[in-house]
1. Residues ALA2, ALA79, ALA9, ALA60: which one is out of contact with any Phe, Trp or Tyr (no Cβ under 6 Å at 6 or more places or on another chain), small (Gly, Ala, Ser) and in contact (Cβ under 8 Å) with a residue 40 or more places away in the chain?
2. Only residues that are open to solvent by 100 Å² or more (accessible area, probe 1.4 Å) and farther than 12 Å from SER29 by Cα: list them for segment 41-88, please.
3. Please go through (1) without any contact (Cβ under 8 Å) to a residue 24 or more places away in the chain; (2) crowded, with 18+ Cβ neighbours inside 10 Å for GLY28 and return the number of the only condition it doesn't satisfy.
Amino acid sequence: SADNAFIAAPVDEIKARASREADVLIVGSVTPTGQPSYFSQYSPEVIVSAPANHEQLSYARGVYKKFGGTSGAAPQVTAALAAFELIT
């Protein structure tokens, strides 16, 4: 994931270099309207984003809770790629 810096900051150089040198995707987060989440870090290597913001609903220990961020966006992209792999 691109990380959640909560400031306009570029992606960590280690992640950016891994993306350039290996088969690594860096995933960003966008709002439900498609705008970049205010906390999602950026970089030319962030080539895909998912609607994660803070609107994803989770359930743990008997409590519903909203979460998201790049940690919520990354599994959405992984699931989409896995589904694509299965149908092709």
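The values are calculated or read from the model by the stated rules, or taken from the named source; none is laboratory data. Remember, predicted model here, so these are calculated numbers, not experimental data. Virtual Cβ from ideal backbone geometry, glycine too; neighbours counted across all protein chains shown. To get the accessible areas, we keep the full protein, side chains included, count just its heavy atoms, and leave off ligands, DNA and RNA. Shrake-Rupley method; radii C 1.70, N 1.55, O 1.52, S 1.80 Å.
1. Details: ALA79 fails: in contact (Cβ under 8 Å) with a residue 40 or more places away in the chain; ALA9 fails: in contact (Cβ under 8 Å) with a residue 40 or more places away in the chain; ALA60 fails: in contact (Cβ under 8 Å) with a residue 40 or more places away in the chain.
Result of the check over ALA2, ALA79, ALA9, ALA60: ALA2.
2. Residues of segment 41-88 open to solvent by 100 Å² or more (accessible area, probe 1.4 Å): 42, 44, 47, 57, 59, 61, 64-66, 84-88.
Hits for segment 41-88 are PRO44, LEU57, TYR59, ARG61, TYR64, LYS65, LYS66, PHE84, GLU85, LEU86, ILE87, THR88.
3. (1)
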